[in-house]
Amino acid sequence: MKRGIGKSEVLVFLVLLVLGAGLFWPYLFGRRAESRGNMCDFRLTQLGFALQHAEATGHQIPYFRTLWQSSQSVGEQGAQQNRIVGWPLIALPALGLEPQIEVEGYSIQSDTRTGKYKQLFDSFVTDHSQNAQAKLRETYLPQLVCPDNPPVELDLGKPLPGGYTSFVANGGLPDAPRTNTSAVLVDYPANGLFMDDPQLTGDEMDWSTHTFRSISEKDGLDYTLMLSENIDAGNWINGRPAELLFHWRPVDPLPDQVSVISVLPMNEQRGGGRGKNDIRFARISSNHYGYANVVYASGRTDRLHENIDPRVLQRLMMSSDQEGVWPGTVIPVFPPVAIEGGTD
């Protein structure tokens, strides 16, 4: 006589199923998390190349925000807020492209390829109509988003927001406000990588001398941060500095006569959202476990631990350690170390 499956067999099957799920779930979850982290790294790689392409085309490191308005118009009408856009706009013409390192004689300076967002870039730069502005502000670009930090609208089933990004630029040391007695500019290139548009700051320095080549002759492109993840990054089409940049925080006692805008320790308020519109907020963080993806000026990507020594981070963010000075002074950030015993 045949009998059906008994309760004991069912219980054994369920126990084995639960045990199997418990064994394989960490593996499957880990693989999924690793895949998201790798995609985030890949998108940073493409962004890094797109900004290298922009630097080669413009013969200078792009500004972290740019006023797309003629000097004459600025003088007559003032700066128009809807024409201020963050650094991702500069990346659009080459976004999605990769360097053709396998092609003999290839150089980024001679690379004339354009990506699929070149038309969107042109429509905003050359067309000042409301339609062109609206098109830019309504376009969601997945290449600017880390899969572990999607916009909340994704889960809510709402239209994806234009201008959303997971990444911020290296702003170095937050410099002192401009004064008549200031010994340095508002943005001092040795203290970071990305500068502000002179039309917005009033700086008269020729920023064409601040290039990837000049950095390669100082700290080196492989040791100067370009972009990083940040889970509280802002909306790049609004062009607010606090939504576009991260800063390093002085960790040692400041010299006399030095006053620096306060910056919170890295990830001290990780994900708290209090960094919105506040340039003092530490700008490196992620939803990955224990690390944040970054890309250097050379295009090399890396994973920085959330508890990285602030002094190490500080040096990585400076484009020239030897030339760095405290804002408003000529006092070096890293004074030369005296060698005991004299010279031979």
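By the count of neighbouring beta-carbon atoms within 10 Å, fewest first, Thr224, Thr329 end up ordered Thr329, Thr224. Counted by Cβ distance under 13 Å from Cys146, the other residues give a net charge of -1, where Lys and Arg count +1 and Asp and Glu count -1. Neighbour counts of C-beta atoms inside 10 Å place His247, His128, His288, His59 in the sequence His59, His128, His288, His247, starting with the fewest. Sorting Asp127, Asp148, Asp256 by the number of Cβ atoms found within 10 Å of their own Cβ, with the fewest placed first, yields Asp256, Asp127, Asp148. Taking 7 Å steps out from each Cα toward its Cβ at Asp155 and Glu323 produces label points 4.6 nm apart. Taking only alpha carbon atoms, the range 89-165 gives an Rg to Rh ratio of 1.07, where Rh is the Kirkwood radius. The GluC sites (Glu not before Pro) found in the range 99-183 that occupy coil by DSSP, while having at most 13 further C-beta atoms within 10 Å, are Glu102, Glu104. The phi torsions of the range 139-155, fed into the Karplus equation with coefficients 6.51, -1.76 and 1.60 and a -60° offset, translate into couplings of 8, 8, 10, x, 5, 9, 10, 7, x, 7, 9, x, x, 4, 4, 4, 6 Hz, rounded to whole numbers, with Gly and Pro shown as x.
The lysine pair count for the range 29-317, using Cα distances under 28 Å and pairs eight or more places apart or on different chains, is 7. In terms of its Cα atoms, the range 29-317 spans 53, 51, 47 Å along the principal axes, sorted from long to short.
Any read-out appearing in this document is the output of simple, stated calculations on the displayed coordinates, not a laboratory observation. Being a predicted model, the structure only gives us computed values, none of them experimental. Quick reminder, even Gly has a Cβ in these numbers, built from the backbone with ideal geometry, and neighbours come from all protein chains shown.
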